[in-house]
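> Quick one: structure below, then a few questions.
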Amino acid sequence: MTVSGSSGESAQPGTDAKLATLAVVEDDEEYRESLLVPTLASAGFSVQGMASALELYRSMTARRYDLVLLDAGLPDDDGFSIARHLRGLSATVGIVMLTGYVSARDRMRGLDAGVDAYLTKPVDMDVLLATLRNLARRVAPEPATPDPDAGGQWRLADGGWCIVSPAGVQVTMSLPEKQVMSMLAVAPGTAVKRERLIARLVENVHDFDPHRLEMLIYRLRRKCLKLTREELPLRAVRGVGYVLTW
């Protein structure tokens, strides 16, 4: 279920919440659809409700989320593993865990997995809204600015943390994106095997789902297109891996 924010009483004009896309991953349908989704939508968020990790991952192939509100106990995966997976994909996505697991040990598990905030049920909705609004301000993308030294071609800058377009627009990358791009940029025009790219991201390649690499590449290309209005020359080579053609 997708609900766009409206100007309800709980919305606060001028906040960044109304700019943020939010995935609400909660398997209790009544709690999700009767309380969380409408309340967050009326506060200005663009909300997508879903009941499982699979729904989240499928949705992420077509849509970027600034924030994820995540239950710990889901039917197909636990929230701690999902949070760790999301954090591996992006250093900037805002992750809030909302769960009935109230022990200090579980809270530490959540924080170790990379969540930004750990809230327990029942939650005060004002606290939840304030938490998400604060995160929305942090994850809001900074306006892209031209770089006069771009030289008319794609390149890496800022120690490899930024991609610069031919027009000089800078795109900041997450750590996994930087790791992949640094390998591809060493030999532009040469296809790099998927296994080598995965080995750059994790120690044990057998514990890594190859679809995570595909999602990372997809989101990076989409981010570059959105910010620069130009298509990043990063291509898949069937049966091999990926190649940069700049």
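> Among the residues of segment 165-222, which ones are among the charged types (D, E, K, R) and farther than 22 Å from residue 92 by Cβ?
Of everything in segment 165-222, those that are among the charged types (D, E, K, R) and farther than 22 Å from residue 92 by Cβ turn out to be 193, 194, 195, 196, 203, 207.
> Out of all the residues in segment 172-226, which are of a type in the set (S, T, N, Q), out of contact with any strand residue (DSSP E or B) (no Cβ under 9 Å at 6 or more places or on another chain) and not in a helix (DSSP H, G or I)?
Matches in segment 172-226: 174, 204.
> Just checking, how many residues over segment 41-67 are polar (S, T, N, Q) and either without any contact (Cβ under 8 Å) to a residue 12 or more places away in the chain or crowded, with 19+ Cβ neighbours inside 10 Å (or both)?
So the answer is 2.
> Related question: In segment 67-101, what residues are assigned to a loop (DSSP other than H, G, I, E, B) and touching a helix residue (DSSP H, G or I) at 6+ places or on another chain (Cβ under 9 Å)?
Hits for segment 67-101 are 71, 72, 74, 75, 76, 77, 90, 91, 92, 93, 101.
Residue by residue, here is whether (1) under 19 Å from residue 124 (Cβ atoms); (2) at pLDDT 90 or above; (3) of a type in the set (A, V, I, L, M) holds:
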site	(1), (2), (3)
16	no, no, no
20	no, no, yes
39	yes, yes, no
63	no, no, no
68	no, yes, yes
76	no, yes, no
97	yes, yes, yes
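> Does residue 119 satisfy the condition of being outside any helix (DSSP H, G or I) and either free of Cβ contacts under 8 Å to residues at least 12 places away in the same chain or surrounded by fewer than 21 Cβ atoms within 10 Å (Cβ to Cβ) (or both)?
Yes: the conditions hold for residue 119.
> May I ask you to list the residues in segment 216-246 that are surrounded by fewer than 13 Cβ atoms within 10 Å (Cβ to Cβ) and among the hydroxyl-bearing types (Ser, Thr, Tyr)?
245, the sole residue that qualifies.
> Considering only segment 29-75, how many residues are under 17 Å from residue 98 (Cα atoms) and in contact with a His (Cβ under 9 Å, 6 or more places away or on another chain)?
Number satisfying all stated conditions: 1.
The values are calculated or read from the model by the stated rules, or taken from the named source; none is laboratory data. Quick caveat, the model's predicted, so the values are computed rather than measured. Backbone-built Cβ (ideal geometry, glycine too); neighbour counts: all protein chains shown.
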